[in-house]
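What follows is a single structure, written as structure tokens, with notes after it.
Coordinate-derived values only; no laboratory data. Source: prediction; values computed, not measured. When we count neighbours, we look across all protein chains shown, and the Cβ atoms used for this are built from the backbone with ideal geometry, even at glycine.
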Amino acid sequence: MNLNITKSEKRIILSTIFCIAFMTANLITEKLIEIKALGLIFPAGVLIYPLVFVITSVITEVYGKDIAHRTLIIGIIANLFFIVMTTIILYLPSPSYYTVI
């Protein structure tokens, strides 16, 4: 098996990880985490957002600002698509036997 990954393939992989991490950070931010021993309460998105930051920095350093900007725009579009589709699906009617707990 050949694992030689080209520069453009690495960019696709980084962009995909960025989009997944970006959307996950935005999705899980609603959850609050409490660490009683330290007296801290913070959104769960704080745990994954550093990954988003690091990937953005790597893309900027390796591929330049224009590619990083495009990657960010793609991430925002993917996030908006997720929000719109989730909202539409939540408003669609469910079968009568289906109950939400």
Margin query: I want to confirm something. Restricting to region 39-63 and keeping residues that are among the hydrophobic types (A, V, I, L, M, F, W, C), touching a helix residue (DSSP H, G or I) at 6+ places or on another chain (Cβ under 7 Å) and part of a helix (DSSP H, G or I), which single residue is surrounded by the fewest Cβ atoms within 10 Å (Cβ to Cβ)?
Written below: V58
Note to self: Can you tell me which of (1) among the hydroxyl-bearing types (S, T, Y); (2) out of contact with any Phe, Trp or Tyr (no Cβ under 8 Å at 6 or more places or on another chain); (3) surrounded by 14 or more Cβ atoms within 10 Å (Cβ to Cβ) is the one T71 doesn't meet?
What the structure shows: (2)
Checklist line | Residue check for V62: over 17 Å from the mean Cα position of the chain (by Cα) and of a type in the set (V, I, T) | finding: yes
Margin query: Return the residues of region 27-38 that are exposed (fewer than 11 other Cβ atoms within 10 Å of the Cβ) and more than 24 Å from F81 (Cβ to Cβ); say none if nothing qualifies.
Written below: L32, E34, I35, K36, A37, L38
Notebook entry, point to check: Out of the residues in region 11-26 that are within 11 Å of G45 (Cβ to Cβ) and hydrophobic (A, V, I, L, M, F, W, C), which is surrounded by the most Cβ atoms within 10 Å (Cβ to Cβ)?
Noted result: F22
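Per-residue answers, yes or no, for (1) in contact with a Ser or Thr (Cβ under 7 Å, 6 or more places away or on another chain); (2) of a type in the set (A, V, I, L, M); (3) assigned to a helix (DSSP H, G or I); (4) touching a residue at least 60 places away in the same chain (Cβ under 8 Å):
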site	(1), (2), (3), (4)
N2	no, no, no, no
A21	no, yes, yes, no
N26	no, no, yes, no
A37	no, yes, no, no
A68	yes, yes, yes, no
F82	no, no, yes, no
T86	no, no, yes, no
